[in-house]
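The numbers here are math on the coordinates, done by the rules we state, and not lab data. What you see is a predicted model; the values in this text were computed from it and never measured. For neighbour counting, all protein chains shown are included, and Cβ atoms are generated from backbone atoms with ideal geometry for every residue, glycine included.
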Amino acid sequence: MSNSTIFGTWCSYEDSNIIIIPVPWDVTASYGSGASLGPQHIIHASSQLDFFDLTYGVPLDSGIHILEIPQQIMQRNNFLRQCAKKIQEKYEDDIPLSPEDIESLHTINQACCNVHNWVEKQAERILFDDKIPVLLGGDHSTPFGLIRTWSNREDFGILHIDAHADLRDSYQGFHSSHASIMHNVMNLPTPPQKLVQVGIRDLCIEEYDISKSHPSIHTYFDPHLKDRMFKGETWERLCKEICEQLPEKVYISFDIDGLSPLFCPGTGTPVPGGLSFDQARFLIKTLAQSDRTIIGFDVSEVAPSPQGEWDGNVGARVLYQLIGGMLYSQK
């Protein structure tokens, strides 16, 4: 299995309840790269946390195992990232793609699908072993295989925390990028019952139209949430309203750029605004304490920055809050 540590300790696969799948992939990063280093960055920073939580006790005691970071995926990522950058530069400069570029585009799209298939295979094995798979990206394309695994097993909704709607059919020619994951999820043969998005503040008009017209999508745009708070509504009331939109079983997809850039300066596509760490923590807590079960989650788009380990520190704390909330909801 793995000898990797998380939160400064090691627990065997056999003795663990939660298995973390690290996915070092950010080939189609469209602005800043570095999310492929997110798993290692979080692992390194996670050892300095105190593991008692005032709400959840000591989630670490449940047994948490992280798989080895797959070096073959990391190596493939580093090679294809350079190919993707050439394509992206031509898109930005409105230069037609050459036959070689088109071949590279197909190769990258297929490589993204291969990563999804690998994640799905890991998740299926973990579920077969009666354990809970969670995912640590990588960019926000990486959880697709895990969400697809759940879609083949359960009726559930998604709580999607993000600065971006991720509802594009494709972006810069890439069909499986971070910008398209929720489009792809909602077009699965058995899609989630509900997609509830929180913190969205950077999107195109087509995504806005989809979010307003799709019967299974409910989007809480960040400026609208802030306007309601400025007019006197409490975050507690808003969190309860958000949770009321979700079905009995919930999967959380947490893109770190859903937080204010103060908490994730290294993330690839930072956007002003967003949630504070405490607002995100309280939302997770509210969901965990509602009559709903958190079945799984992912954390994506954490990347190193010049601020040292700050991004990894926050990412590790988000990961720990999600673990705590999930376990609490399953009691």
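Quick notes
- Remark: the chain carries a charge dipole of roughly 420 debye about the Cα centre, counting +1 on each Lys and Arg Cβ and -1 on each Asp and Glu Cβ.
- The slack between residue 9 and residue 224, meaning 0.36 nm per residue of separation minus the straight C-alpha distance, is 73.2 nm.
- Structure note, pairs 131/285; 85/212; 249/285; 121/331; 212/285: Cα-Cα distances above 24 angstrom occur for 85/212; 121/331; 212/285.
- Rough spin-label spacing in nm, given labels placed 7 Å along Cα→Cβ, for residue 234 and residue 262: 2.2 nm
- Label-to-label distance, residue 204 versus residue 170, with points set 7 angstrom from Cα along the beta-carbon direction: 1.1 nm.
- Note on the chain: GNM, Cα springs under 10 Å; of 209, 101, 255, the largest mean-square fluctuation is that of 209.
- Among beta bridges from DSSP that stay inside the chain, the antiparallel ones total about 10%.
- If you take the Cα centroid of segment 44-76 and the Cα centroid of segment 231-267, the two points sit 22 Å apart.
- Working ranking of peptides 8-15, 317-324, 266-273 by packing, defined as the average number of other Cβ atoms within 10 Å per residue, highest first, is 317-324, 266-273, 8-15.
- Mean residue ellipticity (222 nm) of the chain, computed from DSSP H runs ≥ 4 via -39,500 (n - 2.57), nearest 500: -13000 deg cm²/dmol
- Separation of alpha-carbon centers, segment 310-331 and segment 97-161, rounded to whole Å: 21 Å
- For the chain, the membrane-span-like helices by this rule, meaning whole DSSP H stretches whose C-alpha atoms cover at least 20 Å of axis and whose Kyte-Doolittle mean is -1.0 or above, are 99-128, 310-329; this says nothing about an actual membrane.
- Linear extension gain, residue 103 paired with residue 54, 0.36 nm per residue minus alpha-carbon span: 12.3 nm
- Look at (i) 32, 24, 16; (ii) 53, 38, 16; (iii) 28, 24, 19: the one that is semi-axes √(5λ) of the Cα gyration tensor in Å derived from this structure is (iii).
- Projecting the Cα positions of 134, 104, 118 onto the charge dipole of segment 101-152 (unit charges on Cβ atoms of Lys, Arg, Asp and Glu, taken about the Cα centre) puts 134 furthest along the positive direction.
- Net +/- balance of residues flanking residue 147 in space, Cβ distance below 10 Å, scoring K and R +1, D and E -1: -1
- For the peptides 218-224, 184-190, 172-178, 64-70, residues were scored by their other Cβ atoms within 10 Å and the scores averaged per peptide; the highest-first order is 172-178, 64-70, 218-224, 184-190.
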